[in-house]
Each structure stands twice: as structure tokens, then as C-alpha cells.
Amino acid sequence: MTVVVRGAGDGPFPTEVDASGHRFTADEPVDAGGGNTGPAPYDLLLAALGACTAMTVRLYAGRRGWPLQGVTVTLDHDRIHAQDCADCMTKEGRLDRISLALQLTGDLTPDQRGQLLEVARRCPVHRTLTSELVVDLKPAG
């Protein structure tokens, strides 16, 4: 899979994204100096995690014939002081936190709901974000 991103338009932020033939614009909000012509980079990151989570949960429930009628994933991103995170290895400075709320609708048993919460943590994007990640930055060409 290859995604191509190019600067486009006036200013530093408007960006054209081509993801598997789907074209859209990314930008920053007006209060950050952008034109708000598309989602901001962190919006896209949260959308990727939310979409993957919803897809994974729906696929798992469907394969088991469970009565899942809907999935809503609500996400927020912020930066917190590391010292305020009891479960984090980092204890100094600040770190990123994504809050994810998973709403499941349907006549599911408590056990099915619990299993779907566990499955949500195993979606591929979640696993990528919570594992060691290497981004190879190199000149093109």
C-alpha cells in the first residue's frame, strides 16, 4: 500500500492526499493557521484508528453470528504530563494520549461485549500505534 501526499494550494498546510485512488485534501484548522479545507493530520490518525476498530469489531461479531447492530467509536487526542499516567513507562515530559470510547449496540451478552472490547484492542492500526514503530525517512528518487 502506498499513499502519496503533495503540498497543494496557498500556504504551508493544504495538502492533497491520494490513498489507493481516493483523493482528498488535508489541512489545519483556521485557528492553527490553515484554511480548514480538510481534516487535520491528527484527525486522519484518529479516523484510521477508529475505522480499523469498528471494522475489526464488526468482522469478529459477524463471523460469530453475534447480534451486533452497530459500532460507534469516539476518539480524542491530547498531550498529558507523563507523571499523570500511572501505567506509562515514560515518567518525564509529556506524552500523547488517545482516548477511545466504544459504543456497541445490539442484544449482546456481557461476555460478548467483553470479548469485543478485547478484539478492539487487537485491530491492526491499534497494534501498530502501540508497538515499536520505525519510520524510514529517505530522499525519494
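The values are calculated or read from the model by the stated rules, or taken from the named source; none is laboratory data. On a predicted model such as this, the values are computed, not experimentally measured, just so you know. A quick note on method: Cβ atoms are made from the backbone with ideal geometry, for glycine too, and the neighbour counts reach across all protein chains shown. Each accessible area value is taken on the protein alone, full model and side chains, heavy atoms only, with ligands, DNA and RNA left out. Shrake-Rupley method; radii C 1.70, N 1.55, O 1.52, S 1.80 Å.
Apply 1/(1 + (r/R0)^6) to the Cβ-Cβ distance of Tyr42 and Arg122, taking R0 = 25 Å, and write down the FRET efficiency to the nearest 0.05. Walk me through the intermediate numbers first.
Details: r = 23 Å, r/R0 = 0.91.
Approximately 0.65, to the nearest 0.05.
Could you check how much of the accessible area of the chain is carbon and sulfur, as a whole percent, using a 1.4 Å probe?
Carbon and sulfur together cover 52 percent of it.
For Ala40, which sequence-distant residues (separation of 5 or more, or a different chain) have an amide H within less than 5 Å of its own amide H, given hydrogens modelled in the peptide plane?
Asp27
For Cα Rg over 2.2 N^0.38 Å, which listed value, (i) 1.11; (ii) 1.27; (iii) 1.05, comes from the coordinates shown?
Checking each listed value against the structure points to (ii).
Rolling a 1.4 Å sphere over the protein heavy atoms, what is the accessible area per residue of the chain, to the nearest Å²?
On the way: 10180 Å² over 141 residues.
Result: 72 Å² of accessible area for each residue.
Please check: in the Gaussian network model of the chain (C-alpha springs, under 10 Å), which one of Gln83, Gln103, Gln112 has the largest mean-square fluctuation.
In this elastic network of the chain, the residue with the biggest mean-square fluctuation among Gln83, Gln103, Gln112 is Gln83.
Using +1 on the beta carbon of Lys and Arg, -1 on that of Asp and Glu, and nothing else charged, what's the dipole of segment 1-136 about the Cα centre, debye to 20?
My answer is approximately 660 debye.
Would you pull out the residues with amide H under 5 Å of Gly35's amide H, same chain only if 5 or more places away, H placed 1.01 Å from N?
Glu28
Angle between the Cα long axis of helix 110-120 and the longest principal axis of the chain, 0 to 90 degrees, nearest 10?
In the chain, helix 110-120 runs at an angle near 30 degrees to the longest axis.
Of Leu95, Gln112, Thr72, whose Cα points farthest to the positive end of the dipole of the chain (charges on the beta-carbon: +1 Lys, Arg; -1 Asp, Glu; origin at the Cα centre)?
Gln112
Counting Lys +1, Arg +1, Asp -1, Glu -1, what net charge surrounds Asp96 among other residues with beta carbon under 9 Å of its beta carbon?
Taking every Cβ under 9 Å from that of Asp96, the sum is +2.
Using a Förster distance of 30 Å, how high is the FRET efficiency between Val4 and Leu133, based on the Cβ-Cβ distance and rounded to 0.05? Provide the component values of the computation, followed by the final result.
Details: r = 21 Å, r/R0 = 0.69.
Efficiency computed from Cβ-Cβ geometry: 0.90.
Each label point is 7 Å from the Cα along the Cα-to-Cβ direction; what then is the distance between the points at Asp78 and Val30, in nm?
Between Asp78 and Val30, the label points sit 2.5 nm apart.
Near Ile80, within a Cβ-to-Cβ distance under 10 Å, what is the net charge of the other residues, with Lys and Arg +1 and Asp and Glu -1? Mind showing how you got there, number by number?
Numbers: positive: Arg79, Arg94, Arg97; negative: Asp78, Asp84, Asp96.
For residues surrounding Ile80, the net value is 0.
Using the Cβ atoms and a cut-off under 11 Å, what net charge is assigned to the surroundings of Thr37, where Lys and Arg are +1 and Asp and Glu are -1?
-4
Using the alpha-carbon atoms, what tilt in degrees (0 to 90, nearest 10) does helix 41-64 show relative to the longest principal axis of the chain?
Helix 41-64 sits roughly 30 degrees off the main axis of the chain.
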